[in-house]
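Worksheet for the structure shown next.
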Amino acid sequence: VTRKFKHVGKNCSIRPILNMTTPQNISLGDDVSMGIFCWLDTNTSINKHPSLIIGNRVHIGAHSMIIAANKIIVGNNVVMSERVTILDHYHGYEDVNKPVIDQPIVSKGQIEIGDDCFIGINSVILGNIKIGKHAVIGANCVVTHDVPAYKVVAGSPAKIIKQYDFKKKQWL
């Protein structure tokens, strides 16, 4: 299966069953591990060359889904718990004269997840989002806005509940 990816780094561990239809748009760094039943993909319905780029030392928990219609970049040393969903697009619904299933995919812009982040179980990250370095996304979060570096967010929608104070050298 690794021959089909755009790039696969050294020491990657991909557990079965990995769902994907367009692996040629997906790049994996070194030491990437994926739990069972993950879904990595790109959607080419609105962009002929979407990309999904996973950095080095990234763990993607079981039953997680990451699908790019535009571009999703996951930095280095990122840990994702189980059942994390990351989408840079949504299914159109705006035309009330058409069933939702017949409406086009709409890109919300790219997603960038910085280095050293943790993403909690059942979290959802939706398009046009930047998550800064060493941010922590709590369990069951729905992230709809940027998360600055060194912040902890929780809730739905996600809100900042803690931040690291470099002067005091502690989380407040």
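The values are calculated or read from the model by the stated rules, or taken from the named source; none is laboratory data. These numbers come from a predicted model, not from an experiment. Every residue, glycine among them, receives a Cβ derived from its backbone with ideal geometry; neighbour counts consider all protein chains shown. Just so you know, the surface numbers come from the protein's heavy atoms only, side chains and all, with ligands and any DNA or RNA stripped out. Shrake-Rupley method; radii C 1.70, N 1.55, O 1.52, S 1.80 Å.
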With springs only between Cα atoms under 10 Å apart, run a GNM on the chain and tell me which of Ile67, Ile161, Ile113 wobbles the most.
-> Ile161
Most mobile of Pro99, Pro23, Pro148 in a GNM of the chain (Cα contacts under 10 Å) | Pro99
Between the range 117-132 and the range 65-83, what's the alpha-carbon centroid distance in Å?
-> 8
Looking at the range 83-167, which chymotrypsin sites (Phe, Trp or Tyr not before Pro) are in a loop (DSSP not H, G, I, E or B) and have at most 10 other Cβ atoms within 10 Å?
-> Phe166
Can you figure out the FRET efficiency of Lys98 with Asp165, using R₀ = 41 Å and their beta-carbon distance, to the nearest 0.05?
-> 0.20
For the chain, what class follows from the C-alpha gyration tensor (a ≥ b ≥ c being the square roots of its eigenvalues): rounded when a/c is under 1.5, otherwise prolate if a/b is larger than b/c, else oblate?
-> oblate
May I ask which residue of Val152, Ile113, Pro99 lies farthest towards the positive end of the charge dipole of the range 32-172, with charges of +1 (Lys, Arg) and -1 (Asp, Glu) on Cβ and the Cα centre as origin?
-> Val152
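Which pairs break 21 Å Cα to Cα here: Lys10/Lys108; Lys48/Lys133; Lys6/Lys133; Lys133/Lys162? Don't skip to the answer; put the middle values down first.
Numbers: Lys10/Lys108 32 Å; Lys48/Lys133 30 Å; Lys6/Lys133 26 Å; Lys133/Lys162 14 Å.
The answer is Lys10/Lys108; Lys48/Lys133; Lys6/Lys133.
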Using heavy-atom solvent-accessible surface (probe 1.4 Å) with all chains present, what is the largest-first order of Arg83, Arg57?
-> Arg57, Arg83
